[in-house]
Amino acid sequence: MLLALELARELGATEVEVVNDSELIARQIGGQYRVKQDHLKPLHHKVMHALSDFDGWEVRSVRREHNVRADELVNEALDARVR
């Protein structure tokens with residue numbers, strides 16, 4: 001997510017919508033849940049800092065079974081790495 005946010009900023013995006021398959025991450029970033037594990041707190045801080053660079057942002061989760069496109073994108077990325 002951090003790399004994607006950095007790339008979006010480099011491409012000039014002013015708003016981002018992050019869709020992932022982790023409800024926990026979406027709720028932690030949204031402030032509904034605390035990040036409890038100490039080793040994850042610095043990463044959470046970096047993500048929040050990266051999000052603050054945008055005028056608007058949304059992070060939400062979609063269950064994997066409802067997001068066939070996510071599997072397609074993963075397969076495309078894996079295929080591209082093999083080439």
Completion exercise
Checked segment 50-74 for anything surrounded by 10 or more Cβ atoms within 10 Å (Cβ to Cβ), under 25 Å from Arg9 (Cα atoms) and among the polar types (S, T, N, Q); matches are Ser61
Practice task
Considering only segment 18-38, state which residues are out of contact with any strand residue (DSSP E or B) (no Cβ under 6 Å at 6 or more places or on another chain) and acidic (Asp, Glu).
Solution key: Asp21, Asp38
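Every number here is computed from the coordinates shown, using simple stated rules; none is lab data. Since we're looking at a predicted model, the values are computed, not measured. A quick note on method: Cβ atoms are made from the backbone with ideal geometry, for glycine too, and the neighbour counts reach across all protein chains shown.
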